[in-house]
1. Take residue 88 and decide whether it is assigned to a helix (DSSP H, G or I) and in contact (Cβ under 8 Å) with a residue 60 or more places away in the chain.
2. Would it be correct to say that residue 48 is β-branched (Val, Ile, Thr), in contact with a Lys or Arg (Cβ under 7 Å, 6 or more places away or on another chain) and open to solvent by less than 40 Å² (accessible area, probe 1.4 Å)?
3. Looking at (1) under 18 Å from residue 2 (Cα atoms); (2) modelled with pLDDT of 85 or more; (3) of a type in the set (D, E, K, R), which one does residue 90 not meet, given that it meets all the others?
4. Within segment 65-84, work out how many residues are free of Cβ contacts under 8 Å to residues at least 40 places away in the same chain, open to solvent by less than 50 Å² (accessible area, probe 1.4 Å) and either among the aliphatic types (A, V, I, L, M) or farther than 19 Å from residue 32 by Cα (or both).
5. Can you tell me which residue within segment 66-85, out of those that are closer than 15 Å to residue 50 by Cβ and assigned to a loop (DSSP other than H, G, I, E, B), is nearest to the chain's Cα centre (by Cα)?
6. So is residue 63 touching a Leu at 6+ places or on another chain (Cβ under 6 Å) and either more than 24 Å from residue 11 (Cα to Cα) or among the aliphatic types (A, V, I, L, M) (or both) or not?
7. Checking the condition modelled with pLDDT under 85, outside any loop (DSSP other than H, G, I, E, B) and buried (at least 19 other Cβ atoms within 10 Å of the Cβ), which residue from 26, 30 passes?
Amino acid sequence: MAELAVTESSAGNYLLEGALNRTTVAKSDAVVVLQNSQKNSNQNSIVTIDMQGVTHADTAGLAWIMNFLKSTQQQNISCELRNIPESLIKLAKISDVDGFLSVQ
């Protein structure tokens with residue numbers, strides 16, 4: 001099982017790596033780092049999460065992403081997801097929430 005890690009590449013830009021699933025979301029410091037980045041962001045700022053390094057995602061990972069997006073939206077922070085894994089896109093389409101991820 002791959003751990004979930006986050007690296008801040010530059011201010012407001014994060015690289016998410018590893019498995020985004022029920023096991024890692026519950027235990028990962030990466031989730032805390034992203035939540036803290038959101039709390040420390042100014043209104044009308046942009047947080048970018050590059051998901052290129054995500055190796056696996058399940059419904060718990062999708063739920064966490066959805067909650068994170070909802071929370072940033074409530075704080076007037078734009079969150080841009082890049083390189084969303086195909087498995088997460090498929091889950092979003094099946095769950096009819098792909099519009100929230102800006103998936104075509």
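1. Answer is yes for this residue.
2. Considered against the rule, which asks whether it is β-branched (Val, Ile, Thr), in contact with a Lys or Arg (Cβ under 7 Å, 6 or more places away or on another chain) and open to solvent by less than 40 Å² (accessible area, probe 1.4 Å), residue 48 comes out as yes.
3. Condition (1) is where residue 90 drops out.
4. Adding up the residues that qualify gives 5.
5. Residue satisfying both the conditions and the ranking: 84.
6. no
7. 30
The values are calculated or read from the model by the stated rules, or taken from the named source; none is laboratory data. Note that the structure is a prediction, hence the values are computed from the model and not measured. In this analysis, Cβ positions are derived from the backbone assuming ideal geometry, glycine residues included, and neighbour counts consider all displayed protein chains. When the accessible area is computed, the model is the full protein with side chains, heavy atoms only, and any ligands, DNA or RNA have been set aside. Shrake-Rupley method; radii C 1.70, N 1.55, O 1.52, S 1.80 Å.
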